[in-house]
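Below is one structure, written out as structure tokens; the observations come after it.
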Amino acid sequence: MTKAEQYLNTASAGSGPYTIESFNLSSQVVLRANPKYYGAKPAYDRVVIRNVEAATQKLNVQRGDSQVALNLSGDQVTGMPANLQVKKTASANVIFLLANQDSSVSKTTPNAKFVEALRKGVDYAGLLELAGEGSTQAPGIIPSQLLGALPQDQAAKRDVEGAKAALAASGLSNPTVKLEFPSELTVNGLSFQPLAERIQANLKEVGITVDLAPAPVTTALDNYRNGKEELGLWYWGPDYPDPSDYLAFLPGKLVGLRAGWKDGADKAVSAAGDKAATTIGDEARKAAYADVQTKLNASGPFIPLIQPSQNIVTAASVTGLEYHPVWTVDLADLGAK
């Protein structure tokens, strides 16, 4: 697998509209029109994909150095010049909290009533305010674009008094927990730091003290992947456009284990997941995956928060770009006036 990745990062072996001219993960990827492409001739002879921060993307597209910007937050696309096109939609990335269920990691977060207090204590409307126009609350872990997503009327609502009651029922007195998140990573132009600070303030009102522990993404990822975070603030985007990708959040599965949720920890959720995995037909699958998420929300260690806005800013000369939930945009659709 590693050898294949190394080869495909420097050579084109496909039949798409563009081929790789050069590849540098930290700076840019340069694509050339493929003269052997079976379809219509690509609109551009050369496409340069630059790896730059959102603020630089905004500046570049405003002054015409770039024709497309993909990672701007809702605030950053406000007041764009009239000569630029702005498309806003909720992204397929779901930002969520995880509460570790491994008692060797935390004596606090495995408590079911504590998790209930977290779920009821978060101000979801306030997080949407931070995320900006185009963002939406995530009722479940499956994003709104995919089959099986929960409807908005099933999204959690803030209930401060209910959160205080749940915390009292937990038997925990003035608990303090550590919230880890990547310090320099942004999702759709949105930084984790202000989200974490808002969650910290929300939970303080409930009686939960949250110590923020931002770390470079490599350090944070290591703790997250190894199930060492007490509380974690992360996101998940679809690897492919099907709800089966989200079975990773079940007990004993990839993301479940990152929350210390071991196989057999919740037999009802696991059974619902097994049923969803073997169900066929769109309507039946839709119902099965909705059931998985309803059960996850009731007893799981994950708290879906928001789907941040995906904002695509283009020059007036660019046509054809629409948001895609897996690869953001399809360059094959890239057109020019």
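The stretch between ALA315 and ALA332 holds 4.4 nm of extra length on full extension. This uses 0.36 nm per residue minus the Cα-Cα distance. Per-atom-type breakdown for the chain gives carbon and sulfur 51% of the accessible area (1.4 Å probe, protein chains only).
The angle between the Cα long axis of helix 282-299 and the longest principal axis of the Cα atoms of the chain comes to about 50 degrees, rounded to the nearest 10. Amide H contacts of GLN310 (H built 1.01 Å from N, in plane; Pro and chain starts excluded): THR89, ALA90, SER91 sit under 5 Å, all sequence-distant by 5 or more or on other chains. Judged by the ratio a/c of the largest to the smallest principal axis of the C-alpha gyration tensor, segment 233-310 counts as oblate, that ratio being 1.5 or greater while a/b is no larger than b/c.
Annotation: aspartates and glutamates with alpha-carbon distance below 18 angstrom to LYS178 (same-chain offsets under eight excluded): ASP102, GLU116, GLU197, GLU205, ASP211, ASP222, GLU229, GLU230. Convex hull volume per residue, computed on the Cα atoms of segment 179-280, equals 125 Å³. Per-residue extension of 0.36 nm, minus the Cα-Cα distance of ALA11 and LYS228, leaves a gain of 74.3 nm for this segment. The charge dipole of the chain, taken about its Cα centre with unit charges on the Cβ atoms of Lys, Arg (+1), Asp and Glu (-1) only, comes to about 200 debye.
Anything over 18 Å Cα to Cα? Flag those among LYS164/LYS267; LYS120/LYS164; LYS120/LYS286; LYS157/LYS262, in the order listed. Checking Cα-Cα distances, LYS164/LYS267; LYS120/LYS286; LYS157/LYS262 exceed 18 Å.
Helical content alone sets the calculated 222 nm signal of the chain at -9000 deg cm²/dmol, taking -39,500 (n - 2.57) per DSSP H segment of four or more residues and averaging over every residue. For the chain, the square roots of the Cα gyration tensor eigenvalues, ordered a ≥ b ≥ c, give a/c of at least 1.5 with a/b greater than b/c, which places it in the prolate category. Taken over segment 1-82, the alpha-carbon convex hull comes to 133 cubic angstrom per residue. Over every Cα atom in segment 64-195, the radius of gyration and the widest Cα-Cα span, Dmax, amount to 18.0, 59 Å. Among PRO194, PRO325, PRO243, determine the one that fluctuates most according to a GNM of the chain built with springs between C-alpha atoms less than 10 Å apart. Of the options given, PRO194 has the highest mean-square fluctuation. For the pair SER103 and GLU283 in one chain, pulling the backbone fully straight at 0.36 nm per residue adds 60.9 nm over the alpha carbon distance.
Partner lysines whose Cα lies under 30 Å from the Cα of LYS58, excluding those fewer than 8 positions away in the same chain, are identified as LYS41, LYS87, LYS88, LYS337. The residues of segment 1-125 present an accessible area of 56 Å² per residue when probed at 1.4 Å with all protein chains retained.
Extent of segment 170-229 along its three principal axes (Cα atoms, max minus min coordinate, largest first): 35, 26, 13 Å. The simple spin-label model puts a point 7 Å past each Cα toward its Cβ; for ALA298 and LYS253 those points are separated by 1.8 nm. In this simple spin-label model, placing a label point 7 Å from the Cα along the Cα-to-Cβ direction at both GLU129 and ALA4 gives a separation of 4.8 nm. Note on ALA82 and ASP239: with the Förster distance fixed at 45 Å, the Cβ-Cβ geometry gives a FRET efficiency of about 0.75. In plain terms, the bigger the Kirkwood radius, the slower the diffusion; for segment 60-101, with that radius from Cα pairs, at 20 °C and 1.002 mPa s, Stokes-Einstein puts D at 167 µm²/s.
Using a Gaussian network model on the chain with a 10 Å cutoff between Cα atoms, which of ILE141, ILE303, ILE20 fluctuates the most? Of ILE141, ILE303, ILE20, the Gaussian network model singles out ILE20 as fluctuating most. Let a ≥ b ≥ c be the square roots of the eigenvalues of the Cα gyration tensor of segment 108-177; is it rounded (a/c under 1.5), or, if not, prolate (a/b larger than b/c) or oblate? Here segment 108-177 falls in the prolate category.
The values are calculated or read from the model by the stated rules, or taken from the named source; none is laboratory data. Bear in mind the structure is a predicted one, so any value in this text is a computation, not a measurement. With ideal geometry, Cβ positions are generated from the backbone for all residues, glycine too; neighbour counts draw on all protein chains shown. Quick note on the areas: whole protein, heavy atoms, side chains included, nothing else; ligands and nucleic acids left out. Shrake-Rupley method; radii C 1.70, N 1.55, O 1.52, S 1.80 Å.
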